[in-house]
Structure formats: C-alpha cells, structure tokens
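Written below as structure tokens is the structure these notes are about.
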Amino acid sequence: MEIEELKNTWSTLDNQLKENKSLNERIIKEMIDKKANKSLSKLLFWDIFSIVGLFVLIPFIVYGFSLYGGQKMFWDITAISAAFFCIIGVVWYFIKIHGLMKVDINQSVGKNIYYINRYTIQIKREKIAITYFVGIPLTILIILTYIEEKVPLPFWVFMSCGLILGAFVTYWSYKRIYQKNIYSIQKSLDEIKELKEEEE
C-alpha cells in the first residue's frame, strides 16, 4: 500500500514538474517575443520616420529650385542631386520596410532569421551608399556652391556645424538604433530556436 502511495505521489510530482517546466518555457518565450517585437517596432518606427522626412524634404527642394533654379550652376546641380537622392531614398526605405514587415516572431524562426539577415545586409549597403555616394558628393557640391556664391564666413561655420552634426546623427542612428535592435532580434530568434530544439 505504501509503495502504491509512493508511486502515486511520485507521479503527481512528476506531472507538476512537467507542468511547471512547460509554464516556465511559455513565460520565457513570451518575454523573448515581447523583447524582439519591441526591437522590431523601433526599427520600423525609424524607417517610417526617415521616409516621412524624405517626403517632407522633397517639396522644399523643389520650391527652392523653382525660386533660384537656373541662376547658379552648382546650386542647380546640388538641388537636382538632392531631389534625386531623396526619391531614391523613398524607394529604398519602402523596400526595407516591406522586408521588415515580413518578420513575424510567432512564425517560422528560419524565415525570420533570413529576413533579419537580409535587413542587416541592406543596412550595411545603405551605410556605404550614404557615406560614399550621397554624403561626400553632396558635401563637395555644397562647398562649390558656397565658393560660387562667395558666401561670408558665418555661413561657412554654419555649414561646417551642420555637416558635423549630420555625420554624428547618422553614425549614432546606425550604432544605437539599427545595430543594437538588429542584434537584439537576432539574439531573441536564436533563443526561440534553442527553446524549440529543447521541446523536440
């Protein structure tokens, strides 16, 4: 009789341990999902914020060109180049946002890892493009425009501060926003993958 009671007690404890383990895994998964979704929301927010910023900037460039276009060569080139880069940027951000919206933490881990890795590659390409194909050429064009216009010293100081601030904000956004949140999502996906492997 005592052996039977011992077996029943052991069975009950075993079931409770299994239930607790299952509950703990579910709580851990929910915490990981919440963390990953928070990082994903931040990435989407900044990409949407960037695309809105470009949409707002384009009319200002067009308006400026309509007022001063045709008067100075380097101003025209700068305005046209800036508008062109803005339009390319809008298309690029649409592509990035479309890919990022395919990430669903509750779906296939393999697909999510693929989409995040693709987004990481897009960010690296974007950083190179902004530095070498947008930032440097536009800076040169602005300097040439200033030389052509023979602007006074305070404008040169203002432009220098603006360029330094722009470079700092760009560096900060890639380091603190993109890299940090991408790493957080990748880590969360790895943790979810490990949990699923343990279940199997």
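Would you check which residues across the stretch 54-86 are of a type in the set (G, A, S) and within 11 Å of L141 (Cβ to Cβ) and list them?
Result: A79, S81, A82.
Consider N117 against the criteria (1) modelled with pLDDT of 85 or more; (2) within 22 Å of I48 (Cβ to Cβ); (3) surrounded by 14 or more Cβ atoms within 10 Å (Cβ to Cβ): it satisfies all of them except one. Which criterion is unmet?
(3)
With (1) aromatic (F, W, Y); (2) more than 12 Å from the chain's Cα centre (by Cα); (3) surrounded by fewer than 17 Cβ atoms within 10 Å (Cβ to Cβ) as the list, and W46 as the residue in question, which single condition is left unmet?
Result: W46 passes all but (2).
In the stretch 148-200, how many residues are among the hydrophobic types (A, V, I, L, M, F, W, C) and touching a helix residue (DSSP H, G or I) at 6+ places or on another chain (Cβ under 8 Å)?
Residues that pass the stated criteria total 11.
Mind checking which residues of the stretch 173-200 are over 12 Å from the mean Cα position of the chain (by Cα) and among the hydrophobic types (A, V, I, L, M, F, W, C)?
L189, I192, L195
The rows are residues; the columns are (1) outside any loop (DSSP other than H, G, I, E, B); (2) of a type outside the set (K, R); (3) modelled with pLDDT of 90 or more.
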| position | (1), (2), (3) |
| --- | --- |
| K7 | yes, no, no |
| K18 | yes, no, no |
| I28 | yes, yes, no |
| I51 | yes, yes, yes |
| G89 | yes, yes, yes |
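Could you list all residues from the stretch 160-197 that are in contact (Cβ under 8 Å) with a residue 60 or more places away in the chain and of a type in the set (D, E)?
E191
Can you spot a residue in the stretch 96-109 that is exposed (fewer than 11 other Cβ atoms within 10 Å of the Cβ), over 12 Å from the mean Cα position of the chain (by Cα), at positive phi and assigned to a loop (DSSP other than H, G, I, E, B)?
No, every residue in the stretch 96-109 fails to be exposed (fewer than 11 other Cβ atoms within 10 Å of the Cβ), over 12 Å from the mean Cα position of the chain (by Cα), at positive phi and assigned to a loop (DSSP other than H, G, I, E, B).
Just to be sure, is T145 assigned to a helix (DSSP H, G or I), without any contact (Cβ under 8 Å) to a residue 40 or more places away in the chain and of a type in the set (S, T, Y)?
It is false that T145 is assigned to a helix (DSSP H, G or I), without any contact (Cβ under 8 Å) to a residue 40 or more places away in the chain and of a type in the set (S, T, Y).
Scanning the stretch 53-76 for residues that are assigned to a helix (DSSP H, G or I) and touching a residue at least 24 places away in the same chain (Cβ under 8 Å), which turns out surrounded by the most Cβ atoms within 10 Å (Cβ to Cβ)?
So the residue we want is W75.
Return the residues of the stretch 24-45 that are more than 11 Å from E191 (Cα to Cα) and of a type in the set (K, R); say none if nothing qualifies.
R26, K34, K35, K38, K42
The values are calculated or read from the model by the stated rules, or taken from the named source; none is laboratory data. Just so you know, these numbers come straight off a predicted model, no measurement behind them. For neighbour counting, all protein chains shown are included, and Cβ atoms are generated from backbone atoms with ideal geometry for every residue, glycine included.
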